[in-house]
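The values are calculated or read from the model by the stated rules, or taken from the named source; none is laboratory data. Bear in mind that the values here come from a model prediction, so they are computed numbers and not experimental data. Every residue, glycine among them, receives a Cβ derived from its backbone with ideal geometry; neighbour counts consider all protein chains shown. The protein model used for the area step is the full one, side chains on, heavy atoms only, and it has no ligands, DNA or RNA in it. Shrake-Rupley method; radii C 1.70, N 1.55, O 1.52, S 1.80 Å.
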Amino acid sequence: MGRKDRISMYNGNRFKLGLFAANCSNGRAMTTAAERWPADWDSCEQLAELADEVGIDFMLPIARWLGYRGATNHQGSTLETVTWACGLLARTKHITVFATVHAPLINPVLAAKEFVTADLIGRGRFAINVVIGWNDDEFRMFGVEKRESHEDRYVFGQEWIDAVKRMCGPEEEFDFNGKYLNLEGLRLYPKPYRGTFPLIMNAGKSPAGRAYAIRNTDALFTSGRYSDIEVARRDVEQIKAQAREMSREVGVYTVGEIVCRHTKSEAHEYFRYWTEEAVDWAAIDYMLELKNITRQTNPENFDKMRKALAHGQSGFTMVGDPDHIASELARIADVGYSGIGFSFLNYLRELPYFAQEVLPRLEKMGLREKRQRAHYA
């Protein structure tokens, strides 16, 4: 049986929809608003069951080990992603649940065993987001030094994914010898669900990162901000052309945040509230500082970058009534994206209205399969 027969992401929805960062406190909203997302287990469990019921395609977590301080310690309370995925897969029937894994921080033998276990729990609905990592503070927590060369980080990442895939493959026992990994007598039983490797993604931005993603994964997530939709279209076309040059085919996904209300004015007022009145500026400044972006190092763009983070960390920001949100998602799909992982300020409060009002509009546009649904809003 082929991979497309066992992975629920290969369904009839032309444009896939996923919930992004729900395992982290605040999600992606750097705000002090009282209703911000708590990311406790009960909330995540209820969200996954609702998302599964209304037809959301996937849930994608962020691998975070330290918060961003500030008034809220943004993303400071997080659930580890492999065990999070296992719990959610056991509570759902259709949705794909990703784990996001820092390759340099987790031994590939342990990772392979975890992946197979999660995949069997989900009966083929488990997926993997491999990241190489950037946060020095988090690496220090593990006692791990980041490799100085950007290229060397991806050499290690290639060895890591090669070792994991081989362990999950048909080989009974083998040694693995690379520049960074030297592993003896590798054996892994049981194998993944129906003997095929889980769907895998990566969000590499640099040339080395994108080449790594195209070479090894099924989906490449882009998270940059585009000056206009045509710039995004050219980026997607370049990625797909690069994949064809490698005799590969990858889905290209993006990220975003959604504020959907009955009227545009209501949506914009709410967005203004939590991105202007209730911003956690200290957390924003700390996040920028970790990337060596301060008023001293980047005086011309610092204020602009601060405001951009307050208005959503990356990707597309969609604010409006259901008609506007549906049209924006259709516009993004028209660029050539296979899907989007998006966030709400409070996922559990806002998903019912989105499901009731936006999903039927997307069905009428031919972007989603038509389905019967209860009244959720």
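Worth pointing out:
- Count - residues of the stretch 147-158 that are under 12 Å from residue 108 (Cβ atoms) and either open to solvent by 20 Å² or more (accessible area, probe 1.4 Å) or among the polar types (S, T, N, Q) (or both): 1
- Picking from residues in the stretch 132-146 that are among the hydrophobic types (A, V, I, L, M, F, W, C) and either outside any loop (DSSP other than H, G, I, E, B) or more than 17 Å from residue 108 (Cα to Cα) (or both), the one that is nearest to the chain's Cα centre (by Cα) is 134.
- Residue match in the stretch 61-72 (condition: assigned to a strand (DSSP E or B) and in contact (Cβ under 8 Å) with a residue 60 or more places away in the chain): no
- Reported count of residues in the stretch 106-125, each being touching a residue at least 40 places away in the same chain (Cβ under 8 Å) and either polar (S, T, N, Q) or open to solvent by 10 Å² or more (accessible area, probe 1.4 Å) (or both), is 5.
- Here residue 273 does not qualify as under 25 Å from residue 136 (Cβ atoms), part of a helix (DSSP H, G or I) and in contact (Cβ under 8 Å) with a residue 24 or more places away in the chain.
- Subset of the stretch 217-245 that is open to solvent by less than 10 Å² (accessible area, probe 1.4 Å) and not in a strand (DSSP E or B) - its residue that is farthest from residue 126 (Cα to Cα): 232
- Taken over the stretch 73-100, the residue count meeting the criterion of being crowded, with 22+ Cβ neighbours inside 10 Å, part of a loop (DSSP other than H, G, I, E, B) and of a type outside the set (Val, Ile, Thr) is 2.
- Residues of the stretch 300-338 satisfying the condition of being at pLDDT 95 or above, touching a Leu at 6+ places or on another chain (Cβ under 8 Å) and either open to solvent by 40 Å² or more (accessible area, probe 1.4 Å) or in a helix (DSSP H, G or I) (or both): 326, 329, 330, 333
- Residue tally, condition of a type outside the set (Asp, Glu), without any contact (Cβ under 8 Å) to a residue 12 or more places away in the chain and part of a helix (DSSP H, G or I), over the stretch 10-53: 0
- Among the strands (runs of 3 or more DSSP E) confined to the stretch 165-213, the ones with at least 2 residues that are open to solvent by 70 Å² or more (accessible area, probe 1.4 Å) are located at 174-177, 182-186.
- The stretch 258-282, residues that are modelled with pLDDT under 95 and either more than 22 Å from residue 344 (Cα to Cα) or open to solvent by less than 50 Å² (accessible area, probe 1.4 Å) (or both): 274, 275
- Restricting the stretch 283-299 to residues that are within 18 Å of residue 312 (Cβ to Cβ) and of a type outside the set (A, V, I, L, M, F, W, C), the residue that is surrounded by the most Cβ atoms within 10 Å (Cβ to Cβ): 285
- Residue that is modelled with the lowest pLDDT, among those in the stretch 31-62 that are open to solvent by 10 Å² or more (accessible area, probe 1.4 Å), hydrophobic (A, V, I, L, M, F, W, C) and within 30 Å of residue 108 (Cβ to Cβ): 62
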